[in-house]
Amino acid sequence: MKIFALLFCILLSFQSCKEKNETTIGLETGTSKTEQTTIQVVSPNTFQKQISQSETPQIVDVRTLEEFEDAHLAGAVNISVTTGNFQEKAAALNKNAPVYLYCRSGGRSARAAQELEEMGFLEIYDLEGGITAWQAAGLPTE
């Protein structure tokens, strides 16, 4: 009986150490579930559905101005990720509202998503395959 009591105490002490460690790790990161950024890569149809259901979607074309002028999504603003002032211009966006990013094929928008995440944006959607996939799906551009 003493052996069982001893084993129980040992197991209990390991469990309390584990809980203390998890709490410490959570405090060190300084984030809670509601503060963590979510970057989601979504298909053109999902992207289109989400922006159409939003009252004021923040759609950001991260390509060059020349690419933007050639064709872009309705309601999009052009903030090129390859210029030196991307973060400065992106700071004008609402960090607490969803941001919808796209580029030509997905590489630059992935980079922009990472930069927005570092800036504290909470909900970021990246168009899978970029405007190329959007157009291939037969979705409209301006």
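Each reported figure results from applying straightforward, stated rules to the coordinates on display, with no laboratory input. If you're wondering where the values come from, they're calculated on a predicted model, not measured in any experiment. Please note: Cβ atoms are built from the backbone with ideal geometry, for glycine as well, and neighbour counts cover all protein chains shown.
What are the pairs, 6+ residues apart or on separate chains, where a residue within the range 123-142 that is surrounded by fewer than 21 Cβ atoms within 10 Å (Cβ to Cβ) has its Cβ under 6 Å from a residue that is among the polar types (S, T, N, Q)?
From residues that are surrounded by fewer than 21 Cβ atoms within 10 Å (Cβ to Cβ), the pairs are 123/38; 128/43; 132/105; 139/48.
List the residue pairs whose Cβ atoms are under 8 Å apart, where the first residue sits in the range 68-83 and is of a type in the set (Gly, Ala, Ser), the second is assigned to a loop (DSSP other than H, G, I, E, B) and buried (at least 21 other Cβ atoms within 10 Å of the Cβ), and the two are 6 or more positions apart or on different chains.
Note: pairs meeting the criteria are 80/62; 80/63.
One residue is enough: does the range 70-93 have a residue meeting the conditions within 21 Å of residue 138 (Cα to Cα) and among the basic types (Lys, Arg)?
no
Working only within the range 54-101, note down all residues that are hydroxyl-bearing (Ser, Thr, Tyr) and surrounded by 11 or more Cβ atoms within 10 Å (Cβ to Cβ).
Filtering the range 54-101 for residues hydroxyl-bearing (Ser, Thr, Tyr) gives 54, 56, 64, 80, 82-83, 100.
Answer for the range 54-101, where residues must be hydroxyl-bearing (Ser, Thr, Tyr) and surrounded by 11 or more Cβ atoms within 10 Å (Cβ to Cβ): 54, 64, 80, 82, 83, 100.
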